[in-house]
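Novice: One structure is given below, represented as C-alpha cells, and several questions about it will come after.
The values are calculated or read from the model by the stated rules, or taken from the named source; none is laboratory data. All values derive from a computational prediction rather than experimental measurement. Note that each Cβ is placed from the backbone with ideal geometry, even for glycine, and that neighbours are counted across all protein chains shown.
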Amino acid sequence: MKRWYVVQVYTGFEDTVKAEIKKRILEEGLEELFGDIVVPKGEVVERFSGSEAHSEKIFPGYLLLQMDMTGESFKLVSTAHRVTRFLGGSSPMPISEKEVDRIFSQMSGQVVVSSDRELFSAGSEVHISSGPFSGFVGIVETVDEEHERITVMVSIFGRMTPVELGFDQVKR
C-alpha cells in the first residue's frame, strides 16, 4: 500500500529533485512502487504589508512522496542528488492521512496560514528583542501599521524615553 513520506532536500532544488526522482523511477521500471511526488506550494498573500498573491513553497526544502516503502524505493530516493534524508532517518515513518489532508488543504487555500504579525496597541507592554535596546521592556506609545513601526517608552537612566522600533524588533 502506498503511503506518504517526507523527504528533505536542498532548499531551492525541490523541483529539480522531483524531476530527477521521476526520471530514475522510469529508468529503473519501478512505477508500481510510486504514486505522486509533490512539492508543497500554495498561493500566499501578504495582507499585512499589502503585497500581491504569489506562489510560494509551504515547506521549503521538503518533498512529499507517495510510495510503497521497499528497499528498492528507499534506495532510489535516498541516493538521488540533493536528497538529504527521509524524515525518520533509516527507518522512515509515513505521515498520517490527517496530516496529508491538512497539507493539501493548505496548498489549495482552504486552510489559511496567517503570517500576520501580532498587532500592537498603545499602552501594551513589549519586550525589545533586537537592536541597541535589546533586553529592555517598554510601553507602546504609538503604532504606525503602514510603516510597521512603533514608538515605545523605555526607562533609560530613570527617565522615560521614546524609542522608535520596527515590528520585528519587539515581542509582546
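Novice: Can you tell me which condition residue 45 does not meet? The list is (1) surrounded by 11 or more Cβ atoms within 10 Å (Cβ to Cβ); (2) closer than 22 Å to residue 13 by Cβ; (3) at pLDDT below 90, and all the others hold.
Specialist: Status for residue 45: all satisfied but (2).
Novice: If you check every pair at least six apart or on different chains, which have Cβ atoms under 8 Å apart with a residue in the stretch 145-172 that is hydroxyl-bearing (Ser, Thr, Tyr) first and a residue that is surrounded by 11 or more Cβ atoms within 10 Å (Cβ to Cβ) and not in a strand (DSSP E or B) second?
Specialist: That search, which allows pairs on different chains as well, returns 155/136.
Novice: For a quick check of your reading of the model, give me the residue pairs whose first member lies in the stretch 125-141 and is outside any strand (DSSP E or B), whose second is among the hydroxyl-bearing types (Ser, Thr, Tyr) and loosely packed, with under 13 Cβ neighbours inside 10 Å, with beta-carbon atoms closer than 9 Å and at least 6 apart or on different chains.
Specialist: Going by the 9 Å Cβ cut-off, the qualifying pairs are 136/155.
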